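For reference, the structure is listed below as structure tokens.
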Amino acid sequence: MNLLRVEGMTKRFGGLVAVNDVSFSVDEGEVVGLIGPNGAGKTTVFNLITGNYIPDQGQVLFDGASIKGLRTHKIVDAGIARTFQTIRLFQKMSVLENVLAGQHCRMTTGIFGAFLQSPKARAEEQAALDLALEELEFVGLRHEANNLASNLSYGNQRLLEIARALATKPRLLILDEPAGGMNHQETDALLELIRKLRDRGITVFLIEHDMSLVMQACDKLVVLEYGCKIAEGDPESVKNNPKVIEAYLGPDDDEE
Ligand SMILES: Nc1ncnc2c1ncn2[C@@H]1O[C@H](COP(=O)(O)OP(=O)(O)O)[C@@H](O)[C@H]1O
Ligand SMILES: [Mg+2]
């Protein structure tokens, strides 16, 4: 079943067509990679799905319903969480506080409930805390809960962003270059984590330049070049697709 379906999506910035009539789908339970050269429009596609940008044309369907034009927090409520290409953490807050901050949109009691310390507010706070610690455990950062985010290694900051996203209980997790800045060991651990996410039934849609990670982690790849989709399919067929090879290696000039 299609969990996410993008149809004929176009986004222009002035005269630049950053995303050009792109269609693809992500099935429930899959790990799908979005790849392509720098500037191909990958992050823009993510921003169009998560409500950071509104498409000029096209549709975004999540679980069969249109989410086009919804505010970002409504899209989180619908079950889509993300991380960013450039890490966005509260550096001066603790690791745990960073995860709790991500959950705030999910709480129903609001500021007055919290202020009055109503039983419902207290129960909600406890549940948020339990969930935050659970997700920190899941990404392997439980022991860093009280450390400042700024004290974490770059790789661990990326994991913290994943924990924060998970604490919103997404069905679809969108990761923009999760291995960016990671060393080999951290990238191997990330691959394990992506597999654990799939085992949990969370659908993963990721942008990544590390081809070894992409080939091992993904069930399917979507390839963009200059805003257009040039290929979609299983990693092996995409890897051998002449258009994809040309996009990555440049035109073949052997014949000249
Ligand atoms: N907010 C924006 N305003 C103007 N141009 C943008 C904006 N965001 C992205 N672009 C342009 O759109 C193109 C695609 O960018 P992006 O989606 O970030 O590519 P990728 O993630 O594949 O490297 C680039 O040419 C980029 O400069
Ligand atoms: Mg990008």
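Sites listed here are trypsin sites (Lys or Arg not before Pro) in the range 173-221 whose DSSP assignment is loop and whose Cβ has at most 15 other Cβ atoms within 10 Å: Arg200. Only aspartates and glutamates eight or more places from Lys169 in sequence, or on another chain, were considered; those with a Cα closer than 16 Å are Glu28, Asp63, Asp77, Glu124, Glu125, Asp130, Glu134, Glu135, Glu137, Glu161, Asp199. The modelled label-to-label distance for the pair Thr187/Glu246, using points 7 Å beyond Cα in the direction of Cβ, is 2.8 nm. Working note: Karplus 6.51/-1.76/1.60 with θ = phi - 60° gives the range 139-149 the couplings 8, x, 10, 3, 6, 9, 3, 9, 6, 6, 3 Hz, where Gly and Pro are set to x. Rounded to the nearest 10 square angstrom, Leu160 shows an accessible area of 0 square angstrom against a 1.4 Å probe. Using only side-chain charges placed at the Cβ, +1 for Lys and Arg and -1 for Asp and Glu, the dipole size of the chain relative to its Cα centre rounds to 1420 debye. Residues whose amide H comes within less than 5 Å of that of Leu34, counting only those at least five positions distant or on another chain, are Leu206, Ile207, Glu208, Val222 (H built at 1.01 Å from N in the peptide plane).
Across the chain, the mean sequence separation of Cα contacts (distance under 8 Å, 6 or more residues apart), normalised by length, yields a relative contact order of 26 percent.
When the charge dipole of the chain is built from unit charges on Cβ atoms (+1 for Lys and Arg, -1 for Asp and Glu) and taken about the Cα centre, the candidate among Leu175, Pro37, Gln117 whose Cα reaches farthest toward its positive end is Gln117. Each peptide in 117-126, 14-23 was scored by the mean count of other Cβ atoms within 10 Å over its residues; highest first, the order is 14-23, 117-126. For the range 49-103, trypsin sites (Lys or Arg not before Pro) meeting the loop criterion (DSSP other than H, G, I, E, B) and having at most 14 other Cβ atoms within 10 Å: Arg71, Arg88, Lys92. Counting only DSSP beta bridges with both residues in the chain, the antiparallel share comes to about 55 percent.
Taking amide hydrogens as placed 1.01 Å from N in the peptide plane, the amide H of Gln57 sits under 5 Å from those of Thr10, each at least 5 positions away in sequence or on another chain.
The values are calculated or read from the model by the stated rules, or taken from the named source; none is laboratory data. On a predicted model such as this, the values are computed, not experimentally measured, just so you know. Methodologically, a virtual Cβ is constructed for each residue, glycine included, from the backbone with ideal geometry; neighbour enumeration extends over all protein chains shown. Surface accessibility is based on the protein's heavy atoms, side chains included, excluding ligands, DNA and RNA. Shrake-Rupley method; radii C 1.70, N 1.55, O 1.52, S 1.80 Å.
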